[in-house]
Amino acid sequence: MKEIKIAVLPGDGIGPEIIAQAIKAVDKVAEKFSYKVEYTHAKVGAAAIDEVGDPYPEQTHQACMAADAVLFGAIGDPRYDNNPEAKVRPEQGLLAMRKKLGLYANLRPVNTFESLLHRSPLRHELIDGADFLCVRELTGGLYFGRPQGRSEDGNTAYDTCVYTRGEIERICKLGFEYAAARRGKLTVVDKANVLATSRLWRETAKAMEKEYPSVEVEYMFVDNAAMKIIQQPKHFDVIVTENMFGDILTDEASVITGSLGLLPSASIGTGTSLFEPIHGSYPQAAGKNIANPIATILSAAMMFEYAFNDMEAGAAIRRAVDLSIEQNIVTEDIAPEGIKPSSTTEVGDFIAANI
Ligand code: IPM
Ligand code: MG
């Protein structure tokens, strides 16, 4: 019996519903692969602001620190989105969590599902076989640079983009390593024709090239990368990029897969790793039992693979997900025309039952 501790942070919007489905899958894996799982539930985001006034309370942080892995749903609440007066925002909880847990790398794999190729607005032959990994820097850049704010008269606003050589080196190292373990191709995405931080990225990555002779490196401006991801997704193997470029490019890349509701991620760094879908809290769907739980369930698969080094458990979850897609037991975002969409819980039950 392998004993594991998982901190469960459902968060806001559809978070609790999709996390509940991932837990069903984890429970089933535990039964099949002899794990004893101890769950600790904790609040984050608007749910935590409502309760204790802090989007990432110390108690939640302690629960994450004490766990072997964190399973996280989503953050965000429309009550705060259009409210410039809001002093504290749910998203600050996500950023604080990433920073305090030292999660400097966010791994976002992008690949296609055979039976969903028809769902993508992109041509079948363009995307069939697309398979790349986006390594997004997660604790630097515009998201964290200071100063950030407004001038006294309120008419000027500023954000600061900051990167140190050390921060760039550690994320590029992962990019090189994953490329070496995959098909040997690394694309460093930046905006070095305009930004000083990007020029430091390029200089730093270039200096690392000789340590990885098996990896072929290319440098691409982010605007060009945005186009190429759609036009020729099979061009890419591993992409490494800064925080905000990675945020934007991966939402874009989800179009290749067929739905934003399908892309999982692993956030790794200096301590406990965290697993989360790349999508947000989808407040319009909250409580309706219609949200796609697959991105979160696949995040649980990544948890077994990355945090517990158990490829078989991960593969068992992936096979059950494939089966649900093949048999059209899927939510409305990916249900084919003429087929009645399944609910969030029906998809979760089907996948758990097939692990
Ligand atoms: C993501 C999300 C977050 C981000 C938001 C909710 C702050 O879009 O994880 O991609 O921008 O990092
Ligand atoms: Mg995003």
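One table, with the values for the structure above:
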quantity	calculated
Selection count where residues are within 11 Å of Y163 (Cβ to Cβ), in contact (Cβ under 8 Å) with a residue 24 or more places away in the chain and in a helix (DSSP H, G or I), scope the range 178-198	2
Condition met for L117 (outside any loop (DSSP other than H, G, I, E, B) and in contact with a His (Cβ under 8 Å, 6 or more places away or on another chain))	yes
Long-range neighbours under 6 Å by Cβ, at least six apart or interchain, first residue open to solvent by 30 Å² or more (accessible area, probe 1.4 Å) within the range 235-252, second within 14 Å of ligand 2 (Cβ to nearest atom) and at pLDDT 95 or above	M244/G141; M244/L142
Identity of the residue in the range 271-284, within 16 Å of ligand 1 (Cβ to nearest atom) and of a type in the set (G, A, S), that ends up modelled with the lowest pLDDT	G280
Count - residues of the range 43-97 that are of a type in the set (S, T, N, Q), in a helix (DSSP H, G or I) and either open to solvent by 40 Å² or more (accessible area, probe 1.4 Å) or modelled with pLDDT under 95 (or both)	3
Some residue of the range 127-148 being in a helix (DSSP H, G or I) and away from ligand 1 (no atom under 16 Å from the Cβ)	yes
Qualifying residue in the range 254-262 (condition: more than 12 Å from ligand 1 (Cβ to nearest atom) and either modelled with pLDDT of 95 or more or within 26 Å of I6 (Cα to Cα) (or both))	yes
Residue within the range 339-354 that is touching a Pro at 6+ places or on another chain (Cβ under 8 Å) and within 16 Å of ligand 1 (Cβ to nearest atom) present	no
Among residues of the range 162-172, those that are surrounded by fewer than 18 Cβ atoms within 10 Å (Cβ to Cβ) and either hydrophobic (A, V, I, L, M, F, W, C) or at pLDDT below 95 (or both), counted	1
Residues of the range 306-324 satisfying the condition of being outside any loop (DSSP other than H, G, I, E, B), farther than 22 Å from K288 by Cβ and touching a residue at least 24 places away in the same chain (Cβ under 8 Å)	Y306, E312, A313, A316, I317, R319, A320, D322, L323
Cβ pairs under 7 Å, 6+ apart, first in the range 199-225 and open to solvent by 20 Å² or more (accessible area, probe 1.4 Å), second basic (K, R) and at pLDDT 95 or above	L200/R165; E216/K185; Y219/R202; F221/K191; V222/K191
Residue list for the range 299-315, restricted to those being more than 16 Å from ligand 2 (Cβ to nearest atom) and open to solvent by less than 10 Å² (accessible area, probe 1.4 Å)	A300, A301, M302, M303, F304, A313, G314
A179 being within 16 Å of ligand 1 (Cβ to nearest atom) and in contact with a strand residue (DSSP E or B) (Cβ under 7 Å, 6 or more places away or on another chain)	no
The range 325-339 residues that are free of Cβ contacts under 8 Å to residues at least 24 places away in the same chain and closer than 17 Å to I256 by Cα, paired with ones that are open to solvent by less than 70 Å² (accessible area, probe 1.4 Å) and assigned to a loop (DSSP other than H, G, I, E, B) (beta carbon under 6 Å, 6 or more apart)	A335/P341
Residue, nearest to T270 (Cα to Cα), within the range 98-114, restricted to residues that are in a loop (DSSP other than H, G, I, E, B) and open to solvent by 10 Å² or more (accessible area, probe 1.4 Å)	G102
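The values are calculated or read from the model by the stated rules, or taken from the named source; none is laboratory data. Everything numeric in this text was worked out from a predicted model, so none of it was measured. No Cβ is skipped: glycine too gets one built from the backbone with ideal geometry, and neighbour counts run over all protein chains shown. For the accessible areas, the whole protein counts, side chains as well, though only heavy atoms, and no ligand, DNA or RNA atoms are used. Shrake-Rupley method; radii C 1.70, N 1.55, O 1.52, S 1.80 Å.
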